[in-house]
Amino acid sequence: MLNHNSKVLVLAPHTDDGEFGCGATISRLIQEGKKVFYAAFSLAEESVPKGYPKNVLETEVKKATKVLGVDPDNLLIFRYKVRNFAQERQAILEDLVKLNMELLPDLVFMPSLNDLHQDHTTIANEGLRAFKKTTILCYELPWNNVVFSNNCFLKFGDTELNKKIDALKCYKSQHSRNYASEEFIRGLAVTRGTQIGARYAEVFEVIRMVL
Ligand SMILES: [Zn+2]
């Protein structure tokens, strides 16, 4: 089925959301020859921990997406203020509509429509508006999801899992968060893999599926 999806777009409200939600999937799709675009909507300059330069997340997302195999030209950075996406909803929608016209993706990854983070909710809602005619899979961020339907799995091996872990290690400014630990990332991949009799997997919520 994935063979039909040659152009993939990952919507990441903040720079590391795409790596957390679908880092191993990105790595697998790129190895299979798919073109993957990664759009990040905020560098969260207001939330950077003390001692780091304001633009640290720009440096880190460039490194992290490179680890996953994303072509640097396919990393698209927007500079919305963190926690302010709701106020910028229309501008974000217009950026997404433009992305759709320019890239014509046939598979879009985004946060869950039930994700509790206010910026994630905006990207999910506006993403659905902009890409309503495209296959949309929502990625899992368990610390933000009260409900999540485990209805689509993508399996992978050690190579992809290690790339996901290495990509997330690039975010040195964010390493204090407990879900950034290698133990958690491995544990979740094992959990999702176990549900489908595979070694590792990432899980997605199907919003739209165009076959
Ligand atoms: Zn986020």
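Where a number appears in this text, it was derived from the coordinates with a stated rule and is not lab data. The model shown is predicted, which means the values in this text are computed figures rather than measured ones. Virtual Cβ from ideal backbone geometry, glycine too; neighbours counted across all protein chains shown.
Couplings for the range 203-209, taken from phi via the Karplus curve 6.51 cos²θ - 1.76 cosθ + 1.60 with θ = phi - 60°, read 10, 9, 9, 7, 9, 9, 9 Hz in order; Gly and Pro are left as x. Short to long, the 5 Å bins of the Cα pair-distance histogram for the range 72-123 hold 4, 17, 25, 28, 18, 8, 0 percent of all pairs.
To the nearest 20 debye, what is the magnitude of the charge dipole of the range 69-180 about its Cα centre, counting +1 on the Cβ of each Lys and Arg and -1 on the Cβ of each Asp and Glu? List each step's numbers first, then the result.
Working: 14 positive and 14 negative charges, 63 e Å.
Charge dipole, the range 69-180, about its Cα centre: 300 debye, nearest 20.
Just to confirm the filter: which chymotrypsin sites (Phe, Trp or Tyr not before Pro) across the range 122-153 are DSSP coil and have at most 14 other Cβ within 10 angstrom of their Cβ?
Details: sites: Phe131, Tyr139, Trp143, Phe148, Phe153; in loops: Phe131, Trp143, Phe148.
Passing sites in the range 122-153 are Trp143.
Whole number please: convex hull volume per residue of the Cα set in the chain, in Å³? Walk me through the intermediate numbers first.
Details: hull volume 22.5 nm³, N = 211.
In the chain, the Cα convex hull volume per residue is 106 Å³.
Straightening the chain between Lys169 and Asn84 buys 27.9 nm, computed as 0.36 nm per residue apart minus the Cα-Cα spacing. With the helix formula -39500 (n - 2.57) applied to DSSP H stretches of n ≥ 4, the chain reaches a computed 222 nm mean residue ellipticity of -12500 deg cm²/dmol. Straight-line cross-link reach from Lys54 at under 15 Å between alpha-carbon atoms covers these aspartates and glutamates, not counting any fewer than eight positions away in the same chain: Glu45, Glu46.
Here the 3J(HN,Hα) profile of the range 166-180, calculated from phi with Karplus coefficients 6.51, -1.76 and 1.60 at θ = phi - 60°, is 5, 4, 5, 5, 5, 8, 4, 5, 10, 5, 6, 6, 5, 7, 8 Hz, Gly and Pro shown as x.
Rounded if a/c is under 1.5, else prolate if a/b beats b/c, else oblate: with a ≥ b ≥ c from the C-alpha gyration tensor eigenvalues square-rooted, which is the range 169-211? Taking the square roots of the gyration eigenvalues as a ≥ b ≥ c, the range 169-211 is oblate.
Separation of the range 1-52 and the range 174-211, taken as the distance between their Cα centroids, equals 14 angstrom. Based on C-alpha pairs under 8 angstrom that are at least 6 apart in sequence, the chain has a relative contact order of 26 percent. Could you tell me the relative contact order of the range 86-211? Use alpha-carbon pairs under 8 Å, at least six residues apart, and round to a whole percent. Once normalised by length, the contact order is 29 percent.
Charging the Cβ of each Asp and Glu at -1 and of each Lys and Arg at +1, and nothing else, the dipole of the chain about its Cα centre rounds to 120 debye. With θ taken as phi - 60° and the Karplus curve 6.51 cos²θ - 1.76 cosθ + 1.60 applied, the whole-hertz 3J(HN,Hα) list for the range 182-191 is 4, 4, 5, 5, 5, x, 5, 5, 5, 4 Hz, x standing for glycine and proline.
Using a cut-off of 22 Å between Cα atoms, the listed pairs Lys63/Lys155; Lys63/Lys132; Lys34/Lys66; Lys7/Lys172; Lys62/Lys172 include Lys63/Lys155; Lys63/Lys132; Lys7/Lys172 as exceeding that distance.
Tell me, what is the FRET efficiency for Val210 and Phe153 to the nearest 0.05, using R0 = 22 angstrom and their Cβ-Cβ distance as r? Walk me through the intermediate numbers first.
Working: r = 19 Å, r/R0 = 0.85.
The pair Val210/Phe153 has a calculated efficiency of 0.70.
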